[in-house]
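The values are calculated or read from the model by the stated rules, or taken from the named source; none is laboratory data. Keep in mind that this is a model prediction, so the values were computed, not measured. Here the Cβ positions follow ideal geometry from the backbone for every residue, glycine too, while neighbour counts run over all protein chains shown. Each accessible area value is taken on the protein alone, full model and side chains, heavy atoms only, with ligands, DNA and RNA left out. Shrake-Rupley method; radii C 1.70, N 1.55, O 1.52, S 1.80 Å.
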Amino acid sequence: MATRKTAGKAKAAPKASDADTKKTKGRAAPAAGSKSAKAPRAPKAVNNAAPAEEKALLADEHPMLTELKEGQLPAVEGVTALVPEDKAPAAEAAKEAPKAAKAEAPKAEAPKAAPKQEAGGKPGPRMPAGISPRPLMAGNPYLPKLATVVEIIQETRNIRTLRVVLDDAEAMENFTFEPGQVGQVSVFGAGEATFVINSPPSEKSFLQFSVMDAGEVTDAIHHLSPGDKVGVRAPLGNYFPWKDWKGKNVFFIGGGIGMAPIRTIMLHLLERKEDYGKISLLYGARSPVDMAYSYELDDWKQNPDFDCTLCIDNPYENWGYRVGLIPKVLEELSPSPENTVAVLCGPPIMIKFTLQALEKLGFEPENIVTTLEKRMKCGIGICGRCNIGSRYVCVDGPVFTLKELQGLPPDM
């Protein structure tokens, strides 16, 4: 509580500018209704209500907590600007500038929607430091885009594939992504979950997600029918560095539902076969009935530009291909590590032992690429649910090289 002595000082004080008011904000001031408030009144300029900029700093009125413009997010430590630098408001300069300067300076506005970004282009909003540019979701990253289920494919007893179309025709037409990027699919009233977009980027008529029934949200997705509405937040995450693989052999390894991300990058490379060496696939499942995309297997086997090996864990009637666990079959195939990139995805236990087999075959950590299945919630690095040390699977991944993973804490 201020004393009469400090109140007297306030009376003698010259007219304060906005900047001076902020600098002396920590000093004690007379409380309303207190005895010290009856001291001789300070000039009106001092007793005037704080300007709007000052009021905005109150916790319950802060723009970070109330009016975030479309495309903006609260700042997070270690993350670069949430809007492109040329559009970001100069917050610190505005705090120190006098009123007159504020009136003259043009007011910066956040973009209404984040532009579509091609890989290698200028980073858009929500680009964490050190992460390669990739296509980003336009508009408010928290707000799902409404989409319609147009087709459902029952892949196995517990895996369904959804094909959806964004209701906004322009957004659907302009939608771009890189193979390996993911999307958050939401069923209203049940929640949302993360799935890889497993249609190739060249497919423009729909987005495809393959979903294993493993929880409340995935069970709700399995009860959808054509014509139902879902929400889609995409594209999110990073992608397979397929441009870096040009001129190399690529050996894909997919296990169970892990074939979903393998499918999109594999088809993407086959469309550009002239840029690569030998392209191979080892795809395994528990049994033939547990193999997703069974309707495509014959075409894969007959493709002259593609070496496809199928395997199951145990013998099965009329099965004409290999029998054995993926790591064992991989060692039998013994692909050469020379000028070859190995790309694998599947259940964690399968990845663990397949990585050991690849290292035994002589593959270098930087030439082994995998995707993580660590739980993602927000998809944009805010909630911290999918962190591994200082890295986030949703923005730094889900695609990582083994060399990158070796530098992270062992809590995957």
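Of all residues in the stretch 355-393, which are more than 28 Å from N249 (Cα to Cα) and either charged (D, E, K, R) or part of a helix (DSSP H, G or I) (or both)? Quick ask: steps written out before the conclusion?
At the first step, the residues of the stretch 355-393 found to be more than 28 Å from N249 (Cα to Cα) are 374-392.
Result: K374, R375, K377, R385, R391.
What is the residue count in the stretch 258-281 for residues that are aliphatic (A, V, I, L, M) and assigned to a loop (DSSP other than H, G, I, E, B)?
Initial filter on the stretch 258-281 (aliphatic (A, V, I, L, M)): 259-260, 262, 265-267, 269-270, 279, 281.
Then drop every residue that is not assigned to a loop (DSSP other than H, G, I, E, B), which leaves none.
Qualifying residue count for the region: 0.
Which condition from (1) touching a residue at least 12 places away in the same chain (Cβ under 8 Å); (2) loosely packed, with under 15 Cβ neighbours inside 10 Å; (3) more than 21 Å from R263 (Cα to Cα) is the one that E170 breaks?
Going through the list (1) touching a residue at least 12 places away in the same chain (Cβ under 8 Å); (2) loosely packed, with under 15 Cβ neighbours inside 10 Å; (3) more than 21 Å from R263 (Cα to Cα), E170 breaks only (1).
Suppose we keep only residues that are open to solvent by less than 50 Å² (accessible area, probe 1.4 Å) and outside any strand (DSSP E or B) within the stretch 207-226. Which one would you say is modelled with the lowest pLDDT?
G215
Looking only at the stretch 341-354, filter to residues that are assigned to a helix (DSSP H, G or I) and either of a type in the set (V, I, T) or within 18 Å of S280 (Cα to Cα) (or both); which one of those is farthest from the chain's Cα centre (by Cα)?
T354
Is it the case, given these coordinates, that I368 is over 27 Å from the mean Cα position of the chain (by Cα), open to solvent by less than 20 Å² (accessible area, probe 1.4 Å) and of a type in the set (V, I, T)?
Taking the combined requirement at face value, the residue does not satisfy it.
Tell me yes or no: at least one residue of the stretch 246-257 is under 18 Å from A292 (Cα atoms), touching a strand residue (DSSP E or B) at 6+ places or on another chain (Cβ under 9 Å) and in a helix (DSSP H, G or I).
yes
Being in a strand (DSSP E or B) and open to solvent by 50 Å² or more (accessible area, probe 1.4 Å) is the filter here; which residues of the stretch 282-340 pass it? If you could, list the steps in order and put the result at the bottom.
Kept after step one, since they are in a strand (DSSP E or B), are these residues of the stretch 282-340: 282-285, 307-312, 322-323, 340.
Passing the criteria: D307, R322, V323.
For (1) among the hydrophobic types (A, V, I, L, M, F, W, C); (2) in contact (Cβ under 8 Å) with a residue 40 or more places away in the chain; (3) in contact with a helix residue (DSSP H, G or I) (Cβ under 9 Å, 6 or more places away or on another chain), each residue gets a yes or a no:
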| site | (1), (2), (3) |
| --- | --- |
| N367 | no, no, yes |
| G384 | no, no, no |
| C394 | yes, yes, no |
| P398 | no, yes, yes |
| Q406 | no, yes, yes |
| P409 | no, no, no |
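What is the number of the single condition among (1) open to solvent by 50 Å² or more (accessible area, probe 1.4 Å); (2) without any contact (Cβ under 8 Å) to a residue 60 or more places away in the chain that R163 does not meet?
For R163, the exception is condition (1).
Considering only residues that are of a type in the set (D, E, K, R) and assigned to a strand (DSSP E or B), look in the stretch 161-192 and name the one that is nearest to the chain's Cα centre (by Cα).
Here the residue is E192.
Just a yes or no: is a residue in the stretch 342-353 exposed (fewer than 14 other Cβ atoms within 10 Å of the Cβ), at pLDDT 95 or above, among the β-branched types (V, I, T) and out of contact with any Phe, Trp or Tyr (no Cβ under 8 Å at 6 or more places or on another chain)?
No, every residue in the stretch 342-353 fails to be exposed (fewer than 14 other Cβ atoms within 10 Å of the Cβ), at pLDDT 95 or above, among the β-branched types (V, I, T) and out of contact with any Phe, Trp or Tyr (no Cβ under 8 Å at 6 or more places or on another chain).
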